[in-house]
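We did not get these values from a lab; they are worked out from the coordinates using the rules stated. This one's a predicted model, so the numbers in the text were calculated from it and none came from an experiment. Please note: Cβ atoms are built from the backbone with ideal geometry, for glycine as well, and neighbour counts cover all protein chains shown.
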Number of protein chains: 2
Amino acid sequence: MITKSQIQFVQSLKQKKYRDLHRCFVAEGSKLVLELAESRFSVRQIFATTDWLRDTHFATGIAVEEVKPFEMERISALSNPSPVLAIVEMQEEAPEPTSRFEDLTLVLDGIQDPGNMGTIIRIADWFGIREVICSTDSVDLYNSKVIQATMGSITRVKVNYVELAGFFEALEVGVPVYGMMLEGENLYTAEPTPNGMIVIGSEAHGISHKLTGYITHRLTIPFYPADRDYHAESLNAAVATGIVCAEFRKRLAISD
Amino acid sequence: MITKSQIQFVQSLKQKKYRDLHRCFVAEGSKLVLELAESRFSVRQIFATTDWLRDTHFATGIAVEEVKPFEMERISALSNPSPVLAIVEMQEEAPEPTSRFEDLTLVLDGIQDPGNMGTIIRIADWFGIREVICSTDSVDLYNSKVIQATMGSITRVKVNYVELAGFFEALEVGVPVYGMMLEGENLYTAEPTPNGMIVIGSEAHGISHKLTGYITHRLTIPFYPADRDYHAESLNAAVATGIVCAEFRKRLAISD
């Protein structure tokens, strides 16, 4: 039986100010909750149905509240509530200075759509990119739609929010900074490196003007055929991220 | 001034049964509405603010209703309503038998997420793929989230719903059918062709069992590094579509 104050608490976490106040966020779904429970994250509490609790083994030491499906509907943000919802503690991410200079890092400049943010974290995970750096005006990592869209990749990719101009100022000289733009060098004729920053701009405005001076290589994904007059103005930010990461990693794999 | 029955009519179009009944759908946003008005689609009615109507030129012959911003909030499906919303007539799409055999075609097997569907249509547009064929259990093209996510590409890409097993049965012998799978030939060592079907499975279940017999080439997007134990289980369906389309078109562009 879930109490009224528990319902209010879970619902309050839909808002960033309450997530920041309580230093925790919501994750739903069996696979995601179990991955979080086995990761560097701490699961504070689990709300789950009788059936799920009977059938599932998970780490001890987590407070468990048995709930009825109709109660789950009252706390879930999903249109089809899953049998389990967890309250998870936020993680203070230590920066990854090594990967910043020796490996690829994704830099997100103002990504607003939670689905795009979560999908980009999942892309980073697939392509072995260990850190994603976001501008402070990007959507909050702990937004429940971001968490759900990561499909568990949040447990394997570190995400930090920084003021990007200062970040680029402090970046070691010689680290390539690739900017995905609508005009630039053809991605497929450029020479990708095993390290560097790949900067993805916001859905509506691309890479912000104040950052373009830090871009050392402007890259573009060519449309097809090249002589076409009318085509989509751009690709979705997460799709563009997938294509550029695939291309960089492919060449690295081939040269291994 | 918008009437109560107009509000009810626009709101009813959130449901597929009313879209099918009235043979029309909703599109919001200045760029999208103007692209539709100049395309093969017929815009039946526009609801727009005074400012938008004063500042915008568009095709004559469209019924126009001037509305206040607070009225727009009552009919809009967006959290930030745009100054214009259009009622657009559905289009009966003629099949593209030529492109089916001479060009690339995307085949979607049960895509459920409206954002993925719209994003995939936008990808098709970017890479010059003229037709997308969907299984009958895929999300409805005219769902407003699909329409918004196409970002106007709906005007340049034809989308048809068919029973896929019958479609593949009738397919000319020799047309390659590429299936994006978690296990298959490495996309980057496979030999892409200028024509063929690229089949994308549903978010939760991949390509359905009853269709795998029609796949002539199983392709996979390799994760990185290849010896990693833990990584995302899969890529988002739209991201995978973007990566495979980019790869096929890139090689075609290089060999042109």
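Couple of notes before you dig in:
- Dividing the mean sequence gap of close Cα pairs (under 8 Å, 6+ apart) by how many residues chain A holds gives a relative contact order of 18 percent.
- Counted by neighbouring Cβ atoms within 10 Å, the residues A:Ser5, A:Ser202, A:Ser12 run from fewest to most as A:Ser5, A:Ser12, A:Ser202.
- Dividing the summed helix terms, -39500 (n - 2.57) for each DSSP H run of n ≥ 4, by the number of residues in chain B produces a 222 nm estimate of -9500 deg cm²/dmol to the nearest 500.
- In the protein assembly as shown the Cα-Cα distances spread across 20 Å bins starting at 0 as 21, 53, 25, 0 percent of all pairs.
- The range B:4-89, dipole about Cα centre (Lys/Arg Cβ +1, Asp/Glu Cβ -1), debye to the nearest 20: 440 debye
- Copy-to-copy label separations for A:Ala226, where each label sits 7 Å from Cα toward Cβ, in nm and ascending: 3.1
- Peptide-level mean, for B:186-199, of C-beta atoms on other protein chains within 10 Å: 1
- Farthest positive-ward along chain A dipole, Cα basis, beta-carbon charges - from A:Gly128, A:Pro176, A:Ala59: A:Ala59
- Between helix A:237-255 and chain A there is an angle of about 70 degrees, using the helix long axis and the longest principal axis of the Cα atoms.
- Rounded if a/c under 1.5, otherwise prolate or oblate - the range A:4-89, Cα gyration tensor axes: oblate
- Pairwise Cα inverse-distance average, inverted: Kirkwood Rh of the range A:27-172 (Å): 16.3 Å
- Dipole of chain A, positive end: most advanced residue of A:Met117, A:Leu219, A:Cys24 [Cβ charges, Cα centre]: A:Cys24
- Placing +1 on the Cβ of every Lys and Arg and -1 on the Cβ of every Asp and Glu, with no other charges, gives the range B:97-255 a dipole of roughly 500 debye about its Cα centre.
- In this Cβ point-charge picture (+1 for Lys and Arg, -1 for Asp and Glu), the range B:1-144 has a dipole of about 520 debye about its Cα centre.
- The range A:155-174 and the range B:223-256: distance between their alpha carbon centers, rounded to Å: 26 Å
- Acute angle (nearest 10 degrees) that the helix B:114-126 long axis makes with the longest principal axis of chain B, alpha-carbon atoms: 70 degrees
- Whichever lysines have a C-alpha closer than 16 Å to that of B:Lys16, once near sequence neighbours (fewer than 8 apart) are set aside: B:Lys145
- With neighbour counts taken as other beta-carbon atoms within 10 Å, the residues A:Tyr142, A:Tyr18 rank, fewest first, as A:Tyr18, A:Tyr142.
- Convex hull volume per residue for chain B, taking Cα atoms only, in Å³: 155 Å³
- Shielding of peptide B:201-208 by partners, expressed as the average count of other chain Cβ atoms within 10 Å per residue Cβ, is 0.
- Position A:Gln11: other-copy label points at 2.1 nm, ordered by increasing distance, label point 7 Å along Cα→C-beta.
- Separation of the B:Ile2 and B:Arg228 label points, Cα + 7 Å toward Cβ, nm: 4.6 nm
- Label geometry 7 Å along the beta-carbon vector: B:Thr56 inter-copy distances in nm: 4.6
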